[in-house]
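For reference, the structure is listed below as structure tokens.
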Amino acid sequence: MSRIPMSRIPATFQRLQAQRRKALIPYLTAGFPQADCTPALMHALVQGGADIIELGVPFSDPMADGPVIQQAGERALRAGVGLAQVLAMVRAFRAHDPHTPVVLMGYANPVERYQIKHGAGAFARDAAAAGVDGVLIVDYPPEECQDFAAALKAQGLDLIFLLAPTSSEARMAEVGRVASGYVYYVSLKGVTGAGHLDTAAVEAMLPRIRRHVHIPVGVGFGIRDAASACAVGRSADAVVIGTRLIQLLDAAAPGQAEAVARAFMAELRLALDGMEGNRG
């Protein structure tokens, strides 16, 4: 009987919590800024201090993404990057990094199209085989994806859900029942990159979430620099940063994207590890 692969996410959080450190989770659009650069950028992020990588699957109608990430996805789609190519990128990354968790973040349509083409259960099977650890599908609410959750669990993959400032107690409880790996709290109303981060509101919300959710809670949306990362890191288990990283990669000089990614992660890692209450 074949052994079910195990997600790397729980062990990563356990290690960080033992070290009194916060998880740093960058979001990277697969296939951006060039179609062939993603595995190298993933390695650069890890070298800079990333603990988990969220890899965005390009989609033509990303309802939760602001203009920066939406445009990154459009460029990747024009370059021919779809879900099959994203899985190939994860396999290439895994050839040199067997440890860092990878989470695919995206929408239901590419997953369902993949299953239509390759058969029921193909996405979970192929994602696990490629080295994926978790999946966050923005438009799969917990009450409507029991079969999908079961397919992922059978392959050892974590199913990650979003919570928002508008989430009800009932939704928090439902997410707490189904989610694994970690929960992603969206700190702002609206799309990625919108608005201003209200750290007081985040600090007030997290105890409510933790009454229902007993796995780590990461916070994203509105985090742009070391100061905002630390402000969130004081109460969250993980800091997720996407839009600012995409902007920096877009502005990078030719051949410099990896160096830019590595330096940005190192800046955030140093700040998070230096927070009062962390090690050292």
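Selection within segment 197-231: residues that are in contact with an Asp or Glu (Cβ under 6 Å, 6 or more places away or on another chain) and outside any loop (DSSP other than H, G, I, E, B). The member of this set that is surrounded by the most Cβ atoms within 10 Å (Cβ to Cβ) is V217. Just checking, does segment 29-41 include any residue being of a type in the set (S, T, Y) and over 14 Å from the mean Cα position of the chain (by Cα)? Among the residues of segment 29-41, at least one is of a type in the set (S, T, Y) and over 14 Å from the mean Cα position of the chain (by Cα), which makes the answer yes.
Selection of segment 150-175 for residues being within 25 Å of D65 (Cα to Cα), crowded, with 19+ Cβ neighbours inside 10 Å and among the small types (G, A, S) yields only S167.
Remark: pairs (first residue in segment 152-164, at positive phi; second residue part of a loop (DSSP other than H, G, I, E, B); Cβ separation under 8 Å; 6+ apart in sequence or on different chains) = G156/I4; G156/P5; G156/M6; G156/S7. The residues listed here are D250, D273, D237; of these, the one that is among the acidic types (D, E) and under 16 Å from the mean Cα position of the chain (by Cα) is D237.
Of all residues in segment 69-88, those that are under 19 Å from L249 (Cβ atoms) have Cβ atoms under 8 Å from Cβ atoms of residues that are outside any loop (DSSP other than H, G, I, E, B) and of a type in the set (A, V, I, L, M), 6 or more apart or on another chain, in I69/I246; A72/I246; V86/L55; V86/L104. In the set A40, A130, A95, A122, which member is under 30 Å from L270 (Cβ atoms), in contact with a helix residue (DSSP H, G or I) (Cβ under 7 Å, 6 or more places away or on another chain) and either at pLDDT below 95 or of a type outside the set (D, E, K, R) (or both)? So the residue among A40, A130, A95, A122 that is under 30 Å from L270 (Cβ atoms), in contact with a helix residue (DSSP H, G or I) (Cβ under 7 Å, 6 or more places away or on another chain) and either at pLDDT below 95 or of a type outside the set (D, E, K, R) (or both) is A40. For segment 1-16, name all the residues that are touching a strand residue (DSSP E or B) at 6+ places or on another chain (Cβ under 9 Å), of a type outside the set (A, V, I, L, M) and farther than 17 Å from M265 by Cβ. Once the filter is applied, which keeps residues that are touching a strand residue (DSSP E or B) at 6+ places or on another chain (Cβ under 9 Å), of a type outside the set (A, V, I, L, M) and farther than 17 Å from M265 by Cβ, segment 1-16 yields S7, R8, P10, F13.
Restricted to segment 9-39, and to residues there that are of a type in the set (S, T, Y) and either in contact with a Gly (Cβ under 9 Å, 6 or more places away or on another chain) or without any contact (Cβ under 8 Å) to a residue 12 or more places away in the chain (or both), the residue that is surrounded by the most Cβ atoms within 10 Å (Cβ to Cβ) is T29.
Scanning segment 236-280 for residues that are polar (S, T, N, Q) and buried (at least 19 other Cβ atoms within 10 Å of the Cβ) yields a single hit, T243. Inside segment 61-84, residues that are at pLDDT 95 or above and not in a helix (DSSP H, G or I) make up a count of 4.
Taken as a whole, the condition of being touching a helix residue (DSSP H, G or I) at 6+ places or on another chain (Cβ under 7 Å) and either assigned to a strand (DSSP E or B) or of a type outside the set (S, T, Y) (or both) applies to P58.
Scanning segment 1-52 for residues that are under 16 Å from A236 (Cα atoms) and of a type in the set (F, W, Y) returns a single hit, F13.
The values are calculated or read from the model by the stated rules, or taken from the named source; none is laboratory data. Every value quoted in this text rests on a predicted model; they were computed, and no experiment measured them. Backbone-built Cβ (ideal geometry, glycine too); neighbour counts: all protein chains shown.
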